[in-house]
Amino acid sequence: MIRPHILLVEDELHIAGGLIFNLEQEGYSVVHVTTGEQALKQAPWSECLLVILDLMLPDMSGLDVCRQLRSRDPRLPVLILTALGKEQDRIAGLEAGADDYLTKPFSLTEFLLRVRGMVNRSRWYRSPKADDECFRFGDNLVFLKEHRARTVHGDIDLTDLEVRMLQVFFENEGTVLSREKLLESVWGLAPDTETRTLDNFIVRLRKYFEPTPARPRHFLTVRGKGYRFCRETTKS
Ligand code: CA
């Protein structure tokens, strides 16, 4: 069970304080930052279920923050809060990729209802079986059908074999897969085939998807047994 995690970007401390208090009362954990730069640098990308974003920030426009957030993660829901109530501002916000919009001052009840709806949708998208088009782990997004991925190191195209291998790992998340099983299900090879192909593939996947390939956190070696895919990494 992932704890709901909300990133709140709001420079007005009295507003932020009230929102955090009420969100925490509802059981959400909240990370609060006051500038656009902090939002873009410190956001816990792999855990965030919702971003609540004020448009008037001291260092940059909330619209720019929104655009950058969405270019990194097209599915990260963004709720914009602003004192600007004009229709053109609302449209600008939605065009920048925001999913919803609340004009200050807003009712707390309405705010919490919107948050609940957005967090629930976000959680649904992030569950592994909900969406076979996009699989997310760590800061990586994999689009199996389209043979492409947005990884921690940039965008890449995937080969047929890489897609097949990823699929086997994703479907067996958390369980140890023997070399034999992988050779058979990915390459259709007899289980006793002697080959370095598999090991070379693992090296390649780590290079694509691991922030530090030498210290893998997702594609783990289980000594003497095989490999195990880990979607969530444990925090230290
Ligand atoms: Ca502000």
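The values are calculated or read from the model by the stated rules, or taken from the named source; none is laboratory data. Predicted model, so just to flag it, every value in this text is computed and none were measured. Glycine gets a Cβ as well: all are built from the backbone with ideal geometry, and neighbour counts include every protein chain shown. The protein model used for the area step is the full one, side chains on, heavy atoms only, and it has no ligands, DNA or RNA in it. Shrake-Rupley method; radii C 1.70, N 1.55, O 1.52, S 1.80 Å.
Restricting to the range 52-71, count the residues that are part of a helix (DSSP H, G or I) and either surrounded by 22 or more Cβ atoms within 10 Å (Cβ to Cβ) or within 16 Å of the ligand (Cβ to nearest atom) (or both).
Total meeting the criteria: 6.
Limited to the range 82-94, what total is found for residues that are in a loop (DSSP other than H, G, I, E, B) and surrounded by 12 or more Cβ atoms within 10 Å (Cβ to Cβ)?
Filtering the range 82-94 down to residues in a loop (DSSP other than H, G, I, E, B) leaves 83-86.
Keeping just the survivors that are surrounded by 12 or more Cβ atoms within 10 Å (Cβ to Cβ) gives 83-84.
Final tally of qualifying residues: 2.
State all residues of the range 187-220 that are over 16 Å from Glu162 (Cα atoms) and under 24 Å from the mean Cα position of the chain (by Cα); if no residue qualifies, say none. Lay out the reasoning, then the answer.
Filtering the range 187-220 down to residues over 16 Å from Glu162 (Cα atoms) leaves 190-195, 211-217, 220.
Passing the criteria: Pro211, Thr212, Pro213, Ala214, Arg215, Pro216, Arg217, Leu220.
What strands (runs of 3 or more DSSP E) lie completely within the range 154-236 and have 1 or more residues being closer than 20 Å to Phe143 by Cα and either open to solvent by less than 50 Å² (accessible area, probe 1.4 Å) or in contact (Cβ under 8 Å) with a residue 40 or more places away in the chain (or both)?
Answer list for the range 154-236: 154-157, 219-222, 226-229.
Among the residues of the range 144-153, write down those that are open to solvent by 70 Å² or more (accessible area, probe 1.4 Å) and more than 14 Å from His218 (Cβ to Cβ).
Matches in the range 144-153: Lys145, Glu146, Arg148, Arg150.
Among the numbered criteria (1) open to solvent by 50 Å² or more (accessible area, probe 1.4 Å); (2) touching a helix residue (DSSP H, G or I) at 6+ places or on another chain (Cβ under 9 Å), which single criterion is violated by Thr109?
The number of the failed condition is (2).
Got a sec? Which of Gly97, Gly117 is open to solvent by less than 70 Å² (accessible area, probe 1.4 Å) and outside any helix (DSSP H, G or I)?
Gly97
Filter the range 35-51 down to the residues that are open to solvent by less than 40 Å² (accessible area, probe 1.4 Å), within 16 Å of the ligand (Cβ to nearest atom) and either of a type outside the set (A, V, I, L, M) or modelled with pLDDT under 90 (or both) and list them by number.
Scanning the range 35-51 gives Thr35, Gly36.
Cβ-Cβ under 6 Å, sequence separation 6+ or interchain: first residue in the range 72-91 and more than 16 Å from the ligand (Cβ to nearest atom), partner open to solvent by 30 Å² or more (accessible area, probe 1.4 Å). Which pairs?
Arg75/Tyr125; Pro77/Asp99
Taking the options Glu10, Glu95, name whichever one is touching a helix residue (DSSP H, G or I) at 6+ places or on another chain (Cβ under 9 Å), over 19 Å from Asn140 (Cα atoms) and at pLDDT below 85.
Result: Glu95 is the single residue among Glu10, Glu95 that is touching a helix residue (DSSP H, G or I) at 6+ places or on another chain (Cβ under 9 Å), over 19 Å from Asn140 (Cα atoms) and at pLDDT below 85.
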